[in-house]
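Data first, discussion second: the structure below is written as C-alpha cells.
The values are calculated or read from the model by the stated rules, or taken from the named source; none is laboratory data. Since the model is a prediction, treat every value here as computed from it, not as a measurement. With ideal geometry, Cβ positions are generated from the backbone for all residues, glycine too; neighbour counts draw on all protein chains shown. Ligands, DNA and RNA are stripped out before the accessible areas are found, and what is left, the full protein with its side chains, is counted by its heavy atoms. Shrake-Rupley method; radii C 1.70, N 1.55, O 1.52, S 1.80 Å.
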Amino acid sequence: MNPFDLLKNTQAIKEQSEKLQKELEDIRAQGSSGGRMVTVTLNGKFQMMDIKLDPICVDNRDVKMLEDLIVSAHKNAVDNVQEMIKEKSSSLLGGLDLGQFGL
C-alpha cells in the first residue's frame with residue numbers, strides 16, 4: 001500500500017480504531033485446559049470475566065496442578081481473544097495488514 005494513500009485515510013482509520021476499541025469490551029473468548037477441567041473467559045481487553053473449575057480438579061493435595069491448569073487456560077483464552085481481535089480489526093480496517101507497521 002502506498003504510504004500517501006494511508007495518510008489520506010488517517011481519519012477513517014482513526015474512526016475505525018475507536019470503533020474497535022469500544023467493541024473490545026463486548027468480545028468474549030474462552031480458553032480451557034485439563035480436558036475442560038478449567039475454563040477461563042476473557043473480554044477483548046484481556047480482563048478475566050469468569051472462571052469455571054470442575055470440582056474434580058479442586059484437590060488440596062495438588063494445588064500446583066490447579067495453578068498450572070488455570071495459567072494454561074488463561075493462555076489459551078488470550079490466544080483466542082487475540083485471534084478474534086485480529087479477525088475483527090481486519091474486517092474493520094478493510095484488510096489493512098497492521099503487521100507491516102509493527103502493530
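Here is a check on your reading of the model: is LYS64 more than 25 Å from GLU87 (Cα to Cα) and either open to solvent by 90 Å² or more (accessible area, probe 1.4 Å) or in contact with a strand residue (DSSP E or B) (Cβ under 6 Å, 6 or more places away or on another chain) (or both)?
Criteria met by LYS64.
So ILE85 clears everything in (1) among the aliphatic types (A, V, I, L, M); (2) open to solvent by 60 Å² or more (accessible area, probe 1.4 Å); (3) at pLDDT below 90 except one condition, right? Which one?
(2)
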